[in-house]
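Asker: Provided herewith is a single structure, encoded as structure tokens, for subsequent inquiry.
The values are calculated or read from the model by the stated rules, or taken from the named source; none is laboratory data. What you are looking at is a predicted structure, and each value in this text was computed from that prediction instead of being measured. In this analysis, Cβ positions are derived from the backbone assuming ideal geometry, glycine residues included, and neighbour counts consider all displayed protein chains.
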Amino acid sequence: MKMDAGKKSREALARGLALQMAESFRKLTPFIERHTGMVCPHCPKICCANKHGTPEEDDFIFYRALGMAAKPADGAPDEVCSLLGSRGCELPRWQRPFRCTWYFCLPLLESMRGDSGREYRAFVAGLARLVELRNRLITLK
């Protein structure tokens, strides 16, 4: 019986952490999308590749905690991501593989840093919080 209670407790903790992560993604998305909307359409090279849209084991831990299935990209690793539509990624930011959603090229970083100091600092703090939550989730065993 103790094992079942311990497992249920870990599952509940994992779900709680995953829900907090999803909320953190939701809060950070407008800032990121404002800048990707300014930078990405004018970029000569598309960074979004299938290899970045393929979830890793740590991503599956997050998806399982939320009771959802992953939607991986299809195609050759170096091809433009199959999930990239005419208006950006077809997946909400919180449903994307972590490495996909947190890749910031130099022009994008410069755009973000050039925003108001208050908004940029809030973004950096929010990102640090998200990484902390993710690390706590993936170390639950």
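Asker: I need the helices (runs of 4 or more DSSP H) fully contained in the stretch 29-141, keeping only those with at least 3 residues that are out of contact with any Lys or Arg (no Cβ under 8 Å at 6 or more places or on another chain).
Answerer: Values: elements: 57-66, 98-101, 106-113, 117-138.
Hits in the stretch 29-141: 57-66, 106-113, 117-138.
Asker: Find the residue count for the stretch 103-119, including only residues that are surrounded by 12 or more Cβ atoms within 10 Å (Cβ to Cβ) and either in contact (Cβ under 8 Å) with a residue 40 or more places away in the chain or not aromatic (F, W, Y) (or both). Please lay out each step first, then the result.
Answerer: Step one: of the stretch 103-119, the residues surrounded by 12 or more Cβ atoms within 10 Å (Cβ to Cβ) are 103-105, 107-113, 115, 119.
Then keep just the ones that are either in contact (Cβ under 8 Å) with a residue 40 or more places away in the chain or not aromatic (F, W, Y) (or both); that gives 103, 105, 107-113, 115, 119.
Of the residues in that region, 11 qualify.
Asker: Counting just the residues of the stretch 16-27 that are aliphatic (A, V, I, L, M) and under 16 Å from P97 (Cβ atoms), which one comes out surrounded by the fewest Cβ atoms within 10 Å (Cβ to Cβ)? Steps first, please.
Answerer: Filtering the stretch 16-27 for residues aliphatic (A, V, I, L, M) gives 17-19, 21-22.
From the residues that got through so far, the ones that are under 16 Å from P97 (Cβ atoms) too are 18, 21-22.
Numbers: A18: 22, M21: 23, A22: 19.
Filtering the stretch 16-27 for residues that are aliphatic (A, V, I, L, M) and under 16 Å from P97 (Cβ atoms), the one surrounded by the fewest Cβ atoms within 10 Å (Cβ to Cβ) comes out as A22.
Asker: Only one residue in R93, R113, R64, R121 is under 13 Å from the mean Cα position of the chain (by Cα) and of a type in the set (K, R), so which one is that?
Answerer: Values: R113 fails: under 13 Å from the mean Cα position of the chain (by Cα); R64 fails: under 13 Å from the mean Cα position of the chain (by Cα); R121 fails: under 13 Å from the mean Cα position of the chain (by Cα).
Only one candidate qualifies: R93.
Asker: Among the residues of the stretch 84-98, what is the count of those that are under 14 Å from A70 (Cα atoms) and not acidic (D, E)? Break it down stepwise before answering.
Answerer: Pass one, the stretch 84-98, residues under 14 Å from A70 (Cα atoms): 90-98.
Add one more test, that the residue is not acidic (D, E), and what stays is 91-98.
Count: 8.
Asker: Name every residue in the stretch 4-56 that is acidic (D, E), within 19 Å of R134 (Cα to Cα) and under 14 Å from the mean Cα position of the chain (by Cα), in order of residue number. Before you say what the answer is, go through the steps one by one.
Answerer: Restricting attention to the stretch 4-56, the residues satisfying the condition of being acidic (D, E) are 4, 11, 23, 33, 56.
Now narrow it down to the ones that are within 19 Å of R134 (Cα to Cα): 11, 23, 56.
Listed by number, the residues that qualify are E23, E56.
Asker: Here is a further query. Out of A5, A65, A70, report the one residue that is surrounded by 14 or more Cβ atoms within 10 Å (Cβ to Cβ), under 25 Å from I138 (Cβ atoms), modelled with pLDDT under 95 and of a type outside the set (S, T, N, Q). Lay out the reasoning, then the answer.
Answerer: Numbers: A5 fails: surrounded by 14 or more Cβ atoms within 10 Å (Cβ to Cβ); A65 fails: modelled with pLDDT under 95.
Residue meeting the stated conditions: A70.
Asker: Does T36 satisfy being surrounded by 13 or more Cβ atoms within 10 Å (Cβ to Cβ), hydroxyl-bearing (S, T, Y), modelled with pLDDT of 90 or more and within 17 Å of A122 (Cβ to Cβ)? It would help to see each step written out before you state the result.
Answerer: On the way: surrounded by 13 or more Cβ atoms within 10 Å (Cβ to Cβ): yes; hydroxyl-bearing (S, T, Y): yes; modelled with pLDDT of 90 or more: yes; within 17 Å of A122 (Cβ to Cβ): no.
No; evaluated as a whole, the condition is false for this residue.
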